[in-house]
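Just below is one structure, and these are the notes that go with it.
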Amino acid sequence: MRLYSKLSSLVHTSQPLNPKIHLCSSTFLSSSSTATQNPVPHIVTKCIALLQFWASSISKLRQIHGYSLRHGVPLHNPDMGKHLIFTIVSLSAPMSYAYHVFAVLHDPNVFTWNTMIRGYAESDDPSPALHFYRKMSVSCVEPDTHTYPFLLKAVAKSLNVREGEAIHSVTVRKGFGSLMFVQNGLLHMYAVCGDTESAHKVFESMVERDLVAWNSVINGFALNGRPSEALTLFREMNTKGLEPDGFTMVSLLSACAELGALELGRRVHVFLLKVGLTENMHVNNSLLDFYAKCGSIREAKQVFGEMRERNVVSFTSLIVGLAVNGFGEEALEFFKEMEEQRVKPSEITFVGVLYACSHCGMLNEGFNYFRRMKDEYGIMPRIEHYGCMVDLLSRAGLVKQAYEYIQNMPMQPNSVIWRTLLGACTIHGHLGLGEIARSHLLKLEPKHSGDYVLLSNIYAAEHRWSDVQTVRRSMLEDGVRKTPGYSMVELGNRVYEFTMGDRSHPQSKDVYALLEKITELLKLEGYVPHTANVLADIEEEEKEQALSYHSEKVAIAFMILNTPPGTPIRVMKNLRVCADCHMAIKLISKVYGREIVIRDRSRFHHFRGGSCSCKDYW
């Protein structure tokens, strides 16, 4: 009785059936005499037809459900229940409604079970889908070809790769492992969960691959730090004669953004214009993000300006893009425009705003926005927001205040926050606090190579070479290797990678000859090598030579050799640009009349006419 009352409240049984239902339903009643003898089957038939052809909204669905209950259709009727649940899920109505209908059904069939799993998979909370799958097995209902694609979609949304692996084994045992829909589900699940190796194995095992499969594996590589593989797969897909769609191109833009492949991404943009996909907001947001990540802020702002409709993702992408490119004041102007247009900022938007303040040295503004985030928008600060505040204080040279801020945080600081403090101690020379930060990092991430390097750099700056050797010895004993620096440039549809002192390229002889010439020209402009960056106990001349061969300098020399005068140069570097390279590249931009854009580990540097967009604050 209580469940009946619950259902009655859900469907608003107090509302009369809309007169249109009577008009529409008359065609479905073939015999009034039969209906008088046993009306329930005819009421069920009538309601099912109305659900299929008339229930275009949740309110209409509830009217039909209420009508069925008032005319004697039992709550447990399997036919009525099956179609009700299907309509609830199709209309994205609350899954609590579907659950109450399902709970009283007698012997629901596999279609009804699958619909419930699908509904939860497409909802905000996909976890009940696994519960229903297990309950389905206990009820002795055998899964069919539709069960596992829905279930894998729920697992992918939950990012539960271990559960996905278990389901993968079950699909193989039950003979569903070779079905394309199941394989596509497995491929998507592994890709979304970041297990690109397993995703690629599933992809390689597929006898037949449709566009969905190609899109899933390309997207998986693009979003999980393997953009080169994503581009290779795209080229392979083209050789198979498959036409890419919007999803393919969005994935390709992600890969181009990771590689800094601006020219290739521009060709993707041209394709999107040709096929008319630039009216799609998701595509436009991807384009905006791509241009911002490639350091082409002018084109990012152009895409933003041409968008007919903008959401919080559009504003956030541009705000973050401007911030990391060194245009913090402009980023805050767009935040004001966002507020004026009454687009509510998200947690991520405020990460971008605080990032802008941090990387542009706007200390007071940063604390003001942090306060507004809590007081005006009711957004509780997360660890990322506190990290921005620690970074803000650290970059301003207020290392002791940054440490005090960490101590007073309402949550436990993570390794990123302690590493931010350690980096600040390296730059500003706070040995004691650096050792404290390192002690915390040893507990949180003892195998992180960057922490060993930062601490050894602090000791080296103090000329404590025995301590440097101790740190580096422990690094070897612990099996930790330093991440080698590399720089990448795009030229003629190819991406070239250079490492420090790299001589593997056929043009190496010419590149290094030009590097020597560049160094001499820079010295005429007043350049003095900043040898404090070479933190090793070697002669000053050797330090100068080591600085000359940093990967970004090699990459820039290569581009000067191979591009016409005045052509902008774009370099992507995996580590932070050192002070010497920063100073040298400013002068190169002046001497050679080139705009040089460097994207390092944390931000962009736009060098032009002897100055940098970061205003020497990074």
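The values are calculated or read from the model by the stated rules, or taken from the named source; none is laboratory data. Quantities reported herein were computed from a predicted structural model and do not represent experimental measurements. So basically every Cβ, Gly included, is an ideal-geometry build from the backbone, and we count neighbours across all protein chains shown. For the accessible areas, the whole protein counts, side chains as well, though only heavy atoms, and no ligand, DNA or RNA atoms are used. Shrake-Rupley method; radii C 1.70, N 1.55, O 1.52, S 1.80 Å.
Within the stretch 516-539, the set of residues being more than 19 Å from Ala555 (Cβ to Cβ), assigned to a helix (DSSP H, G or I) and at pLDDT below 65 comprises Thr531, Ala532. Scanning the stretch 104-120 for residues that are open to solvent by 30 Å² or more (accessible area, probe 1.4 Å) and under 30 Å from the mean Cα position of the chain (by Cα) turns up just one, Arg118.
Given the structure, is Asn215 open to solvent by 10 Å² or more (accessible area, probe 1.4 Å), in contact with a helix residue (DSSP H, G or I) (Cβ under 7 Å, 6 or more places away or on another chain) and either free of Cβ contacts under 8 Å to residues at least 40 places away in the same chain or of a type in the set (Val, Ile, Thr) (or both)? Quick ask: steps written out before the conclusion?
Details: open to solvent by 10 Å² or more (accessible area, probe 1.4 Å): yes; in contact with a helix residue (DSSP H, G or I) (Cβ under 7 Å, 6 or more places away or on another chain): yes; either free of Cβ contacts under 8 Å to residues at least 40 places away in the same chain or of a type in the set (Val, Ile, Thr) (or both): yes.
Considered against the rule, which asks whether it is open to solvent by 10 Å² or more (accessible area, probe 1.4 Å), in contact with a helix residue (DSSP H, G or I) (Cβ under 7 Å, 6 or more places away or on another chain) and either free of Cβ contacts under 8 Å to residues at least 40 places away in the same chain or of a type in the set (Val, Ile, Thr) (or both), Asn215 comes out as yes.
Number of residues in the stretch 148-175 that are closer than 17 Å to Arg118 by Cα, among the hydrophobic types (A, V, I, L, M, F, W, C) and open to solvent by less than 30 Å² (accessible area, probe 1.4 Å) equals 6.
The requirement of being of a type in the set (Gly, Ala, Ser), crowded, with 22+ Cβ neighbours inside 10 Å and modelled with pLDDT under 95 is fulfilled nowhere in the stretch 586-604; no residue meets it.
Yes or no: the stretch 333-347 includes at least one residue that is assigned to a helix (DSSP H, G or I), open to solvent by less than 20 Å² (accessible area, probe 1.4 Å) and more than 30 Å from Arg438 (Cβ to Cβ).
Just the residues of the stretch 333-347 that are assigned to a helix (DSSP H, G or I), to begin with: 333-340, 347.
If we keep only those that are open to solvent by less than 20 Å² (accessible area, probe 1.4 Å) too, we end up with 335, 338.
Now restrict to residues that are more than 30 Å from Arg438 (Cβ to Cβ): 335, 338.
Within the stretch 333-347, one or more residues are assigned to a helix (DSSP H, G or I), open to solvent by less than 20 Å² (accessible area, probe 1.4 Å) and more than 30 Å from Arg438 (Cβ to Cβ).
Of all the numbered requirements in (1) farther than 25 Å from Ile427 by Cβ; (2) open to solvent by less than 50 Å² (accessible area, probe 1.4 Å), Glu330 misses one, and that requirement is (2). Being part of a helix (DSSP H, G or I), touching a residue at least 12 places away in the same chain (Cβ under 8 Å) and within 20 Å of the chain's Cα centre (by Cα) holds for only one residue in Leu287, Leu264, Leu272, and it is Leu287.
The residues in the stretch 581-618 that are within 20 Å of Glu490 (Cα to Cα) and in a strand (DSSP E or B) can be counted, and the count is 9.
Output the residue which, of all residues in the stretch 312-323 that are of a type in the set (Val, Ile, Thr) and crowded, with 21+ Cβ neighbours inside 10 Å, is nearest to Val343 (Cα to Cα).
Going residue by residue through the stretch 312-323, those that are of a type in the set (Val, Ile, Thr) are 312-313, 316, 319-320.
Among the residues that remain, those that are also crowded, with 21+ Cβ neighbours inside 10 Å are: 316, 319-320.
Details: Thr316: 11, Ile319: 13, Val320: 16 Å.
Across the stretch 312-323, the extreme among qualifying residues is Thr316.
Among residues of the stretch 182-213 being small (Gly, Ala, Ser) and in a helix (DSSP H, G or I), the one that is nearest to Asn238 (Cα to Cα) is Ala213. Annotation: of all residues in the stretch 364-375 being farther than 16 Å from Met411 by Cβ and among the charged types (D, E, K, R), the one that is surrounded by the most Cβ atoms within 10 Å (Cβ to Cβ) is Glu365.
Only one residue in Gly361, Gly387, Gly378 is under 19 Å from Val312 (Cα atoms) and small (Gly, Ala, Ser). Which one? Walk me through how you get there before you give the answer.
Numbers: Gly361 fails: under 19 Å from Val312 (Cα atoms); Gly387 fails: under 19 Å from Val312 (Cα atoms).
Residue meeting the stated conditions: Gly378.
Checking each residue in the stretch 269-311 for being open to solvent by 40 Å² or more (accessible area, probe 1.4 Å), of a type in the set (A, V, I, L, M, F, W, C) and touching a helix residue (DSSP H, G or I) at 6+ places or on another chain (Cβ under 7 Å) picks out Phe271, Leu277.
Residue count for the stretch 554-576, restricted to those that are part of a helix (DSSP H, G or I), among the aliphatic types (A, V, I, L, M) and in contact with a helix residue (DSSP H, G or I) (Cβ under 7 Å, 6 or more places away or on another chain): 5.
Restricted to helices (runs of 4 or more DSSP H) entirely inside the stretch 396-500, those with at least 3 residues that are β-branched (Val, Ile, Thr), open to solvent by less than 70 Å² (accessible area, probe 1.4 Å) and free of Cβ contacts under 8 Å to residues at least 60 places away in the same chain are 415-428. For the stretch 65-158, the helices (runs of 4 or more DSSP H) that sit wholly inside it and include 2 or more residues that are farther than 27 Å from Met180 by Cβ are 78-90, 95-103, 128-138.
Residue-wise test of (1) basic (Lys, Arg); (2) open to solvent by 40 Å² or more (accessible area, probe 1.4 Å).
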residue: Gly177; (1), (2): no, no
residue: Asn184; (1), (2): no, no
residue: Glu197; (1), (2): no, yes
residue: Met206; (1), (2): no, no
residue: Ser228; (1), (2): no, yes
residue: Phe234; (1), (2): no, no
residue: Ala255; (1), (2): no, no
residue: Arg267; (1), (2): yes, yes
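One residue alone among Asn238, Asn219, Asn280 is out of contact with any strand residue (DSSP E or B) (no Cβ under 8 Å at 6 or more places or on another chain), closer than 19 Å to Tyr291 by Cα, at pLDDT below 90 and of a type in the set (S, T, N, Q), and that residue is Asn280.
Can you go through Gly378, Gly361 and tell me which one is of a type outside the set (A, V, I, L, M, F, W, C) and surrounded by 15 or more Cβ atoms within 10 Å (Cβ to Cβ)?
On the way: Gly378 fails: surrounded by 15 or more Cβ atoms within 10 Å (Cβ to Cβ).
Result: Gly361 is the single residue among Gly378, Gly361 that is of a type outside the set (A, V, I, L, M, F, W, C) and surrounded by 15 or more Cβ atoms within 10 Å (Cβ to Cβ).
Just one residue in the set Val343, Val351, Val303 is β-branched (Val, Ile, Thr), within 18 Å of the chain's Cα centre (by Cα) and on the phi < 0 side of the Ramachandran plot; that residue is Val351. Look at (1) modelled with pLDDT under 80; (2) under 22 Å from Val390 (Cβ atoms) and you find that Leu433 fails only one, number (1).
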